[in-house]
Amino acid sequence: MTRTATAPVQASPKIAMRNVKKAFGSKVVLDGFDLDVMPGESVVIIGGSGTGKSVSLKCILGLLNPDSGEIDIDGQPILGLSKQDRDAVNAKIGMLFQNAALFDSISVWENVAFTLVQGEGMARSKARDIAMEKLGQVGLSAEIGERNPAQLSGGMRKRVGLARAIAGDPDIIFFDEPTTGLDPIMGHIIDKLIVKCVREVGATALTITHDMASARRIADRVTMLYKGKNIWTDRIEKLDSSGNPYVHQFVNGLAEGPIDLPILKN
Amino acid sequence: MNPLRPLGAAFLNFLEAAGRLTLFALNGLSHCFRPPFYPRLIGRQMIDIGYYSLPVVGLTTLFAGMVLALQSYTGFARFSAEGAIPNVVVLSLTRELGPVLAGLMIAGRIGAAMAAEIGTMRVTEQIDALETLSTNPFKYLVAPRLIAGTTMMPLLVLIGDVIGVFGGYLVSVYKLGFNQITYIQNTWNFLEFQDVFSGLVKAAVFGLLVALMGCYHGYNSRGGAQGVGTATTNAVVSASILILIANYMITELFFAQ
Ligand SMILES: Nc1ncnc2c1ncn2[C@@H]1O[C@H](COP(=O)(O)OP(=O)(O)OP(=O)(O)O)[C@@H](O)[C@H]1O
Ligand SMILES: [Mg+2]
């Protein structure tokens, strides 16, 4: 039989979120979040401030418990897993927190090497070398690796957080606003690093960003969150021709449009 | 409205808090005995609690011993029982004042620091980050502190006992004109193993309580700097109260016939 070029078999999603709902008290934040992320794909979540983008990532990580809905990783439902199984799932995931969330009782390089030393039991000297290399990739010198996180600028902390997220070569990486607080050049370098993680290492990435230029560089697909729902999900090329007035207003940063802003207009 | 309602609500709240604390304690303690262990972290806590608290505990027990000698002298002189001073000093110190004073000082020094550190880690999402890095916060943060608190406090109290007895000796010999040899002999002769031992058991329990309160309130703190402040206060106050309650119960256990 001759081999013919066939369309790739439709793979099952790496991350599948179905109708995820989450409220804090009476405040409904996620109201039916639906998203599939394919293996090796880079998906960007956009949406107004406070619409629940960070909350959606925390639900996948098990840091918050959704009120209802289903989340699967590699086809395995992860809500209601035991602590141990949950840890096994989280070991596949790297996360950059919006505020970096570095451990301030240990040095920068120990932060980056955290999974290697604590999780994989690697020798400290070897882990240190890897940490310094990852720091180099985000544009930080070895001298900075020896410092305490409290001595770094906001943008530097963000980059250390990014180095920590990718240090364990995770399967799945979440970036919560990776380029916020960075200068445009450094932002571009970080975007390239994210793309490299996805293209070369084969990781699956889910990124939150407000930076449209960055989104265009790193995303395969984009989803827009509005009032707790994904109102639009499509390939990045369609971003400007979405035909969706909400997306149009958001992407172009227009003050006038259908999006409800809790600002008194006069 | 039923006047009993707030009372019932308060009672239910209390039960809920007690239940949550018990679960927290059991969870934390169980991780003290299950690998992986973090010797580096345990060591750091031990140095913090054991070594850096020495000056505070030493000073406290030194003056406690001194004032005990002075007070019992002015009291006992009325019925010519000054000879009992060495016994009073050593018994009060080893059984009660050593562990309780050290416990209260440690609650202020260590309990507050633990609550503030863990609380800050909570509100800056560092604890969330720990979980995403597949590290159990109970193992990484709580267990080392419980271990260090429970093991270091008896050592601290033992040293404090010695320093306190020395304080009583100083005052008795140099101010009240006691004979040096007789004072030391009297101190030794009346001291029983159980006196010191009960004090050390108390110390271990107090150390555990302080670490537990610091971790519990820090771990459950919410809402920024103010939340961390509240957690710190709660840790110190609850640890101090629990120390005094536990002190009575352990005394009852050891000495009530
Ligand atoms: N732990 C929490 N308790 C109560 N409310 C919360 C909590 N976490 C988030 N929220 C609320 O959920 C909403 C969404 O928060 P989230 O952090 O996901 O916003 P976001 O979309 O990431 O915004 P931004 O772009 O500003 O980071 C906000 O209104 C916030 O007040
Ligand atoms: Mg956010």
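Of note:
- A Cβ distance below 9 Å, combined with a sequence gap of six or more or placement on separate chains, defines the contacts here; from the range B:119-130, residues that are more than 7 Å from chain A (Cβ to nearest Cβ) reach residues that are of a type in the set (S, T, N, Q) and open to solvent by less than 10 Å² (accessible area, probe 1.4 Å) in the pairs B:GLY119/B:SER221; B:THR120/B:GLN126; B:THR120/B:SER221; B:ARG122/B:SER221; B:VAL123/B:SER221.
- For the range A:45-69, a residue qualifies if it is outside any loop (DSSP other than H, G, I, E, B) and either farther than 24 Å from A:ALA219 by Cα or within 14 Å of chain B (Cβ to nearest Cβ) (or both), and the qualifying residues are A:SER54, A:VAL55, A:LEU57, A:LYS58, A:CYS59, A:ILE60, A:LEU61, A:SER68, A:GLY69.
- Check on A:GLY161, within 16 Å of ligand 2 (Cβ to nearest atom), crowded, with 24+ Cβ neighbours inside 10 Å and within 14 Å of another protein chain (Cβ to nearest Cβ): yes
- Boolean, A:GLU70 is away from ligand 2 (no atom under 16 Å from the Cβ), of a type in the set (D, E, K, R) and touching a Leu at 6+ places or on another chain (Cβ under 9 Å): yes
- Among the conditions (1) within 14 Å of chain B (Cβ to nearest Cβ); (2) open to solvent by 20 Å² or more (accessible area, probe 1.4 Å); (3) not basic (Lys, Arg), A:GLN137 misses just one, which is (1).
- Of everything in the range A:92-107 that is without any contact (Cβ under 8 Å) to a residue 60 or more places away in the chain and more than 16 Å from ligand 2 (Cβ to nearest atom), the residue that is farthest from A:LEU162 (Cα to Cα) is A:SER105.
- Given (1) away from chain B (no Cβ under 14 Å); (2) without any contact (Cβ under 8 Å) to a residue 24 or more places away in the chain; (3) part of a helix (DSSP H, G or I), number of the condition A:ALA127 does not satisfy: (1)
- The range A:46-62 residues that are touching a residue at least 24 places away in the same chain (Cβ under 8 Å), paired with ones that are of a type in the set (Gly, Ala, Ser) (beta carbon under 8 Å, 6 or more apart): A:ILE46/A:ALA215; A:THR51/A:GLY228; A:GLY52/A:GLY228; A:LYS53/A:GLY47
- A:GLU110 passes every criterion in (1) within 14 Å of chain B (Cβ to nearest Cβ); (2) in a helix (DSSP H, G or I); (3) touching a residue at least 24 places away in the same chain (Cβ under 8 Å) apart from (3).
- Among residues of the range A:234-264, those that are away from ligand 1 (no atom under 16 Å from the Cβ) and open to solvent by 50 Å² or more (accessible area, probe 1.4 Å), counted: 14
- Taken over the range A:183-218, the residue count meeting the criterion of being within 16 Å of ligand 2 (Cβ to nearest atom) and either at pLDDT below 90 or within 14 Å of chain B (Cβ to nearest Cβ) (or both) is 1.
- Only residues that are away from ligand 1 (no atom under 16 Å from the Cβ), of a type in the set (A, V, I, L, M), touching an Asp or Glu at 6+ places or on another chain (Cβ under 8 Å) and closer than 30 Å to A:LYS229 by Cα were counted across the range A:65-119, and they come to 3.
The values are calculated or read from the model by the stated rules, or taken from the named source; none is laboratory data. As the structure is a prediction and not an experimental result, all values here were calculated from the model. Reconstructed Cβ throughout: ideal geometry from the backbone, glycine too, with neighbour counts over all protein chains shown. Remember, those area values only see protein heavy atoms, side chains included, never the ligands or the DNA or RNA. Shrake-Rupley method; radii C 1.70, N 1.55, O 1.52, S 1.80 Å.
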